[in-house]
Structure formats: structure tokens, C-alpha cells
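> Handing you this structure, nothing more for now.
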Amino acid sequence: MKLLVTGGAGYIGSVVGAQLVAAGHEVVVLDNLLTSHEDGVPDGARFVRASIDDAADVLDGSFDAVLHFAARSLVGQSVAEPELYWWNNVVGTLRLLDAMRAAGVRRLVFSSTAATYGQPAVSPITEDTPAMPINPYGQSKLAVDHALAGAAGAYGLAAVSLRYFNVGGALGRHGERHDPETHLIPNVLMVPAGRRAAVDVFGTDYPTPDGTAVRDYLHVEDLGRAHLLALDWTGADDAAGQHRIYNLGSGTGYSVREVVEAVRRVTGHPVPTTDRQRRAGDPPVLVASAERIAADLGWRPRHGLEQIVEDAWTFLQR
Ligand SMILES: NC(=O)c1ccc[n+]([C@@H]2O[C@H](COP(=O)([O-])OP(=O)(O)OC[C@H]3O[C@@H](n4cnc5c(N)ncnc54)[C@H](O)[C@@H]3O)[C@@H](O)[C@H]2O)c1
Ligand SMILES: O=c1ccn([C@@H]2O[C@H](COP(=O)(O)OP(=O)(O)O[C@H]3O[C@H](CO)[C@H](O)[C@H](O)[C@H]3O)[C@@H](O)[C@H]2O)c(=O)[nH]1
């Protein structure tokens, strides 16, 4: 297939882009390099440096589907500067959807997020758990999920929102290298890498066993496989006019302190920590039930936390 991959120079988009090229697809990356580097574009893909706001300049009827990763995705920034998230994630995506409709491209896989659920009272979280986001990042992604449901019903779009929990790990030369880096695993690894003396632990008074926040970590390679399955589904006979939502997670939660411990085990290096206040917009616990995608598409994660940390460590040392 000929595929438009928005955000394909970024962390997750570059991994999935590489998997799509390896699977034999023709990949065009659309990315404005807002939070990434041109050398992240996967080998074998064509690169167009532009915003999703201008997707209409790129998309034409020769494309079969779009995989939409491009977004701003920092919870703390979204609390401090919410309008950035409405303009980029919501308005930008509406422009992308307009361009798809004009070009007659009717298949979409979208990067949604666990942040759409907010602070749910239940764990693990299923797709039927009410989505009540507690920060503008999650709100912007939920708004797009609703827009996709509407476009599916109205225009025959076949769309999948994949609600990622916390993504980690690397695939070959593609991994996380944000500046500034806010994600836990790469930040902890900065200590054994000799780039920081200690890692901050944001919040030690959460209602969790060790007081630190619990998250469900998923290997980016497993995440990528889910995209290929979702993309296949959008081509099914009955997919046109449907919007599906699937959680992507492992079903297991780890606290911040447990992640730090995993980094100590994998690297064999001491990792001093500094206790800090909670970060604005962070819920205490987010753990996925990914039973729906297992039942519908046969997807199951293959890698655990140890492998995620190992692969992120290998990547950082490259
Ligand atoms: N990393 C995670 O744990 C996680 C979890 C849940 C959801 N997500 C979602 O997955 C997607 C990818 O996340 P990531 O971690 O790879 O982030 P990233 O910042 O590495 O990648 C995002 C990419 O989108 C590009 N981009 C942003 N705005 C753009 C625009 N207007 N036009 C064109 N390109 C634009 C950036 O330059 C970057 O290359 C995002 O939609 C994010 O919300 C990520
Ligand atoms: O240096 C750090 C970095 C993070 N944390 C803590 O570690 C946990 C995980 O934080 P991350 O920044 O790694 O991930 P988030 O859970 O904030 O967010 C990620 O997962 C969300 C869904 O679960 C969203 O989709 C979002 O895009 C993505 O960044 C949080 O409690 C955070 O406060 C620290 O203690 N120290």
C-alpha cells in the first residue's frame, strides 16, 4: 500500500514507519520536525517536511491509508499552554481529515492515548471505562477520537484509535531522543549514561504501594505490530463507516521506583533518586486491559519491562 505516516520522524512514528517499509509498503513521512530530527525518518521512506495543517498539498488519490502519529504529547506542557494542544492536535487533525476526504483516502490509524481516561476509579482500564481526561493533552486526543467516530458515520471512513499506555524501548536505530526528555525510562537511563547525577521522582504520596505513580509500559516493537494489524482491519469489507478504539498495554503496572530498580538491574549501575512534588496533570495509576484487541485482532505484547529497558539502554549507548 501507499501510506502517509504523519509524525514519522518522531519516536513511535519512525519505528512503525520502519516496520511498514519492512513489510513492503510505500511510505511517505509528513513531519514538520517540531519535536524530532530528520535523520529519524526511516530508510526507504520519502520525507516531506511540512505540517499536517498542509496535508492537502501532499495527499492525493494515490494513497491507500494514513497513519497519524503527529502531535504534541507532553502532559505538563499541555497544562501550562493548553492552546498549543487544541491548535496542533485537534485543528491540525481536522485539516488532515479534510484533506483525506478531498483525496478520497478512507483508512486511518490514529495515535490516541491512555490520557483520554483521566483518573479512572477502575483498574485495569477497558475501552468501556468512561473517558474523562484531566489534562488538555488527553482532552485534545479524546476530541479527535470523537471526530473520527463522526467522520466514520458520515463519510464511510474506516478508523482505529489506538490508545497507547506508556511506550518504551527502541527498534534498531529508532528510539527516544527528545529534547527536553520528559519520559521516565530515558530519564532514568541518563544516570548510568553519566549524563545526570540523579533522577527525579515526581510524587511519592500517591495512593499506591510505594507511593509513586504506576504505569503500564509497552515495548514500541509490540506497539508497531498492533498498527500493522489495525491497518489491515481498516481494509476489511465491513470496516468502512466504523471507528474502533483499542487499548494498547501489557496489563501490568510498575511504579516509578520499580522502573528505577529495573534500570539498576539491567545496567548494573547505581541510580540515585531525588524525591520531588507531583507533576501537574499526572494520574496515580494507569494500567490497561488490552483484551479487546487480543480478541478482535489477535494482538498480544511479547516483551516485558526488562526488555524495554534493555533495548532503550542499547539505543542510548549507540
Ligand atoms: N510516547 C508515548 O508513551 C505515547 C503514549 C501515548 C500516545 N502517544 C502518541 O503517539 C504519537 C507519537 O508520539 P511520540 O512519543 O513518537 O512523540 P514524538 O514527539 O517523538 O513524535 C511526534 C512527531 O510528530 C511531529 N509533529 C508534531 N506536530 C506536527 C505537525 N503539526 N505537523 C507535522 N508533524 C508534526 C513531530 O515533529 C514528531 O516528529 C503522538 O500522537 C502521541 O500523542 C505517545
Ligand atoms: O523524570 C521523570 C519522568 C517521569 N516521572 C514519572 O513517571 C511516570 C511516567 O511518566 P512519563 O512522562 O514517562 O509518562 P506519562 O505517563 O506522563 O505519559 C505518557 O503516557 C501517557 C499515557 O499513559 C500519554 O499518552 C503521554 O503521551 C505519554 O507521554 C509519571 O508518574 C511521571 O511523573 C518521574 O518520576 N521522573
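> Go through the range 20-45 and report how many residues are within 12 Å of ligand 1 (Cβ to nearest atom), part of a loop (DSSP other than H, G, I, E, B) and surrounded by fewer than 24 Cβ atoms within 10 Å (Cβ to Cβ).
Number satisfying all stated conditions: 6.
> Still on this model: Looking at V5, V15 in this structure, which one is part of a helix (DSSP H, G or I) and in contact with a helix residue (DSSP H, G or I) (Cβ under 9 Å, 6 or more places away or on another chain)?
Only one candidate qualifies: V15.
> With the structure loaded, tell me whether Y85 is within 26 Å of V214 (Cα to Cα) and among the aromatic types (F, W, Y) or whether it fails that test.
Answer is yes for this residue.
> Take the residues in the range 264-304 that are within 23 Å of P130 (Cα to Cα) and in a strand (DSSP E or B), then tell me which one is nearest to ligand 2 (Cβ to nearest atom).
Checking each candidate, the answer is L286.
> Can I ask one more? Evaluate the range 231-240: report whether one residue or more is farther than 30 Å from G156 by Cα, in contact (Cβ under 8 Å) with a residue 24 or more places away in the chain and among the aliphatic types (A, V, I, L, M).
no
> Residues that are crowded, with 24+ Cβ neighbours inside 10 Å and within 16 Å of ligand 2 (Cβ to nearest atom): does the range 147-161 have at least one?
Yes: one or more hits.
> Give the range 32-58 a look and list any residue that's within 16 Å of ligand 2 (Cβ to nearest atom) and either on the phi > 0 side of the Ramachandran plot or touching a Cys at 6+ places or on another chain (Cβ under 7 Å) (or both), or say none.
none
> I would also like to ask the following. Taking the range 189-221 only, how many residues are touching a helix residue (DSSP H, G or I) at 6+ places or on another chain (Cβ under 9 Å), touching a residue at least 24 places away in the same chain (Cβ under 8 Å) and among the charged types (D, E, K, R)?
Within the range 189-221, residues that are touching a helix residue (DSSP H, G or I) at 6+ places or on another chain (Cβ under 9 Å), touching a residue at least 24 places away in the same chain (Cβ under 8 Å) and among the charged types (D, E, K, R) number 5.
> Tally the residues that are of a type outside the set (A, V, I, L, M, F, W, C), at pLDDT 95 or above and in contact with a Leu (Cβ under 9 Å, 6 or more places away or on another chain), restricting the search to the range 177-191.
Result for the range 177-191: 1.
> Just checking: which of the strands (runs of 3 or more DSSP E) contained wholly in the range 153-251 hold 3 or more residues that are within 15 Å of ligand 1 (Cβ to nearest atom) and either under 30 Å from D275 (Cα atoms) or under 13 Å from the mean Cα position of the chain (by Cα) (or both)?
Ranges flagged: 158-164, 166-168, 217-219, 243-248.
> Of the residues that make up the range 63-77, is at least one over 30 Å from Q277 (Cβ atoms), surrounded by fewer than 16 Cβ atoms within 10 Å (Cβ to Cβ) and out of contact with any Asp or Glu (no Cβ under 6 Å at 6 or more places or on another chain)?
no
> If you don't mind, another one. I'd like to know if the range 76-87 contains one or more residues that are without any contact (Cβ under 8 Å) to a residue 12 or more places away in the chain, more than 18 Å from R107 (Cα to Cα), among the charged types (D, E, K, R) and more than 15 Å from ligand 2 (Cβ to nearest atom).
yes
The values are calculated or read from the model by the stated rules, or taken from the named source; none is laboratory data. Computed from a prediction, not measured in an experiment: that's the story for all the values here. Heads up, the Cβs are rebuilt from the backbone with ideal geometry, glycines too, and the neighbour counts pull from every protein chain shown.
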